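The values are calculated or read from the model by the stated rules, or taken from the named source; none is laboratory data. Values in this document were obtained by computation on a predicted structure and should not be read as measured data. Using ideal geometry, Cβ is built from the backbone for each residue, glycine included, and neighbour counts are taken over all protein chains shown.
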Amino acid sequence: MATVYVCESVTLDEDELKERFVRSSGPGGQNVNKVSTAVELRFDVGSPALPGEVRVRLLRIAGKRVNEEGVLVIRAERFRTQERNREDARERLFELIREACVVPKRRVKTKPTRASKERRLDSKTRRSSVKRLRTGKPDLG
């Protein structure tokens, strides 16, 4: 049983990755109807190898690729050979997990400066006067 290092907080066992080879709709020439070169890689997001906060971020990032059982499905059919599609699928999975390992920075609330408020109000006043001129009503102010 081999383990795969993904990021500092995640290492996966090879047994957790389920691969299925299916017929590809992509390139393959005469082989496309005979050989199952596309790879369907399945990974259970409920795996104990994933820390809780990484799991939550992975579910959000993966979106529709996670089915109702909580299994992340990645289909790779970009290449003509099983091996290259297999590597592609694994790399895409690892990249998703690496992205989920990154803790997003908290947004720091800031207040607009007095000058920016004044600029905003000046532009609103100018725009308002332009529109008032279009109606034909004279400027009362």
Can you pull out every residue in segment 1-19 that is out of contact with any helix residue (DSSP H, G or I) (no Cβ under 8 Å at 6 or more places or on another chain) and free of Cβ contacts under 8 Å to residues at least 12 places away in the same chain? 5
All but one of (1) touching a residue at least 24 places away in the same chain (Cβ under 8 Å); (2) not assigned by TED's automatic domain parsing to the domain that holds residue 50 hold for residue 97; which doesn't? (2)
Out of the residues in segment 100-114 that are assigned to a helix (DSSP H, G or I) and touching a residue at least 40 places away in the same chain (Cβ under 8 Å), state the one that is surrounded by the fewest Cβ atoms within 10 Å (Cβ to Cβ). 101
Mind listing whichever residues of segment 100-141 are modelled with pLDDT of 90 or more and either under 30 Å from residue 57 (Cα atoms) or acidic (Asp, Glu) (or both)? 105, 106, 107, 108, 109, 110, 111, 118, 122
Within the bounds of segment 131-140, is there any residue that is of a type in the set (D, E, K, R), crowded, with 16+ Cβ neighbours inside 10 Å and outside any helix (DSSP H, G or I)? no
